[in-house]
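Working notes for the structure below.
The values are calculated or read from the model by the stated rules, or taken from the named source; none is laboratory data. In this text the structure is predicted, and so the values were computed from the model without any measurement. Positions of Cβ are generated from backbone atoms using ideal geometry, with glycine treated the same way; all protein chains shown enter the neighbour counts. Just the protein is used for accessible areas: all its heavy atoms, side chains included, with ligands, DNA and RNA removed. Shrake-Rupley method; radii C 1.70, N 1.55, O 1.52, S 1.80 Å.
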Amino acid sequence: MQDMKKLAQLLKQIEDQLVVCMRCGMCQSVCPVFAETGKESDVARGKLALLDGLLQEMFKDPDGVQERLLRCLLCGSCAANCPSGVKVLDIFIKARAIITSYSGLSPVKKVIFRKMLARPQLFDRLMEWGSKLQGIFIKPVDELLGTSCARFVSPLGDRHFSSLAPQPFHRLVPHLNTPAGASGIKVGFFVGCVIDKVFPRIGQALLHAMKHNEVGVFIPKDAGCCGIPALSSGDTDTFNKLVRYNLKVFNAEKFDVLVTACATCTSTIKKLWPTLAEDLSSQELDRVKNLAGKTMDISQFMVEKLGIRESAVTENGAKTVVTYHDPCHLKKSLGIATQPRTLIKANPAYEFMEMKEADQCCGCGGSFNLQHYDLSSAIGKHKRDNIVDSGCSVVATSCPACMLQISDMLSQAGDRVKVKHAVEIYSESLDKK
Ligand code: SF4
Ligand code: SF4
């Protein structure tokens, strides 16, 4: 009983944000999880009511509330459409951390986050071993999409996943420090885990684009994860450690802009590092704010800072039809939607075709996909249908995590549609120049 009082006391941190919700239910119409299940506990209003109940000590089931909180993609659709401006994601992330600090992190997550993710060099080595050994457990299933599936019955279920690259990006480019060229701009490049370990080709395309536009690039040796997998599971210890670690490695060199090609990393660095990292000295906090302030998505950087425009060249012959999926962390979190489209349209070999509901969540949601694959794939199938209905042969996006989910959905359905990052499409146009 005393413990529940302690939890209620901890939850007081979010009380002033909880009361902003006026229970209007508008979030029901945009929540992809609620659209599948129709359960009130799956939509923002229901989760906020559960948190309020816990805070008011109306019931005593923190683990049950945490379970409901984790049935959420953190896609931000509810927050983007909330007439009262409820900071739903801030509340959910803080509440997950508070309940985790009260109930404890599961042993599996403790090992993954604290023993592996929090130690970037060890994590890299383990993933490299994983890349070498993965062939024992998985077999290629779709050459066009580069997907594989499990050889034996496994916890991975029916997934068609993009396997670990034979060489991670940090082996191809362990460190880079080139001066600002004619552009007069030097960027720091935050590679992020999925690009590093699964899609190093995106990192290479980005470097190609920077070289072509004479932009200097700094890539520190051994940068770490942005911390979102740990934070979204309530592990603030690992999140704080990674923020501090990355701050140190990027502080080694001066640059004008920190670019990323991962919508989730961009949104985490810009929005969550300055507000949710704890135990930082005032100096560290200033540096976090400074870094967050100069972090940009790569397409935003290229359009707004380098002045990349749609191509005016008319190419003869058939064009490749491409559509674009808006990652939630880019459009709903940061309001970036036109820039990636401009970057794609800068390549005259492509014809752009908008898909229906381009900004509907793909259903990935990081660990949501691992814990609730049935729901994740049900949401992903709507995205797959819209992609295929657009008549495209390539779907582009700006988040490698969305690429994993979309590849899975297309591969399972046997569709002949490639999945690319917007910067890859731009970069292909440079090969012809
Ligand atoms: S979170 Fe916003 S949209 Fe949802 S019920 Fe509360 S006030 Fe309404
Ligand atoms: S963040 Fe997305 S999945 Fe979670 S409650 Fe809001 S709309 Fe639903």
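Which is farthest toward the positive dipole end of the chain among LEU206, HIS372, CYS392, measuring Cα position about the Cα centre, with Cβ charges +1 (Lys, Arg) and -1 (Asp, Glu)?
LEU206
Find how many whole Å separate the alpha carbon centroid of the stretch 302-368 from the alpha carbon centroid of the stretch 260-298.
So the two Cα centres are separated by 25 Å.
Can you list residues whose amide H is under 5 Å from ASN177's amide H, if they're 5+ apart or on another chain and H is modeled 1.01 Å from N?
Sorted by chain and number, the residues that satisfy this are ILE219.
To the nearest 20 Debye, how big is the dipole of the chain about its Cα centre, given +1 on the beta carbon of each Lys and Arg and -1 on that of each Asp and Glu?
Details: 54 positive and 45 negative charges, 155 e Å.
Charge dipole of the chain: 740 debye, to the nearest 20.
Using a Gaussian network model on the chain with a 10 Å cutoff between Cα atoms, which of ALA80, ALA97, ALA413 fluctuates the most?
Among ALA80, ALA97, ALA413, the largest GNM mean-square fluctuation belongs to ALA413.
If you take the beta carbon distance between ASN290 and LEU133 as r and set R0 to 41 Å, what does 1/(1 + (r/R0)^6) give as a FRET efficiency, to the nearest 0.05?
On the way: r = 41 Å, r/R0 = 1.00.
Given R0 = 41 Å and the Cβ-Cβ separation, E is 0.50.
In nm, what is the difference between 0.36 nm times the number of residues separating LYS381 and LYS12 and their Cα-Cα distance? Let's see the in-between values first.
Values: separation 369, 0.36 × 369 = 132.84 nm, distance 3.92 nm.
Extra length from LYS381 to LYS12 when fully extended: 128.9 nm.
Taking θ = phi - 60°, what integer Hz values does the Karplus form 6.51 cos²θ - 1.76 cosθ + 1.60 yield along the stretch 280-296, in sequence order, with x for Gly and Pro?
Values per residue, Gly and Pro as x: 8, 5, 4, 5, 5, 4, 4, 5, 4, 5, 5, 5, 4, x, 10, 8, 9 Hz.
What number comes out for accessible area per residue over the chain if the probe is 1.4 Å? Units Å², please. Let's see the in-between values first.
Numbers: 19120 Å² over 433 residues.
Roughly 44 Å² per residue, with all protein chains present.
Roll a 1.4 angstrom probe over the protein heavy atoms and tell me the percent of accessible area of the stretch 297-433 that is carbon or sulfur. Spell out each step's value before the answer.
Working: 2510 of 5320 Å².
Here carbon and sulfur together make up 47 percent of the probe-accessible area.
Taking R0 as 41 Å, what's the FRET efficiency between VAL321 and GLN283 from their Cβ-Cβ distance, rounded to 0.05?
After rounding, the FRET efficiency stands at 0.20.
Karplus couplings for the stretch 25-37 from phi (6.51 cos²θ - 1.76 cosθ + 1.60, θ = phi - 60°), rounded to Hz, Gly and Pro as x?
x, 4, 5, 4, 6, 10, 7, x, 6, 4, 4, 7, 9
List every residue whose amide H lies under 5 Å from the amide H of THR147, counting only residues 5 or more places away in sequence or on a different chain, with H placed 1.01 Å from N in the peptide plane.
VAL141, ASP142
Starting from the Cα of ASP3, step 7 Å along the direction of its Cβ; do the same at LEU126; then give the gap between the two resulting points in nm.
Here the modelled spin labels are 2.8 nm apart.
Would you work out the relative contact order for the stretch 88-162, in percent, from Cα pairs under 8 angstrom that are 6 or more residues apart?
Values: 41 pairs, mean separation 10.7, N = 75.
After rounding, I find 14 percent.
Hey, what did the chain get for relative contact order, percent, Cα under 8 Å, at least 6 apart?
Numbers: 755 pairs, mean separation 66.1, N = 433.
Relative contact order comes out at 15 percent.
What residues have an amide H closer than 5 Å to that of MET296, excluding those fewer than 5 places away on the same chain, when H is modeled at 1.01 Å from N in the peptide plane?
The list, which skips near neighbours in sequence, is LEU258, VAL259, THR260.
Show me the ranking of peptides 231-238, 60-67, 421-428 by mean Cβ neighbours inside 10 Å, starting with the highest. Walk me through the intermediate numbers first.
Numbers: 231-238: 23.9, 60-67: 15.4, 421-428: 25.4.
The peptides rank, most packed first, as 421-428, 231-238, 60-67.
Choose one answer from ALA312, ALA346, ALA165: the residue with the largest mean-square fluctuation in a GNM of the chain with alpha-carbon springs under 10 Å.
Between ALA312, ALA346, ALA165, it is ALA312 that shows the largest mean-square fluctuation.
Which ³J(HN,Hα) values, rounded to whole Hz and listed in residue order, are derived for the stretch 71-83 from phi using the Karplus coefficients 6.51, -1.76 and 1.60 in 6.51 cos²θ - 1.76 cosθ + 1.60 with θ = phi - 60°, glycine and proline given as x?
7, 8, 7, 6, 7, x, 4, 5, 4, 5, 10, 7, x
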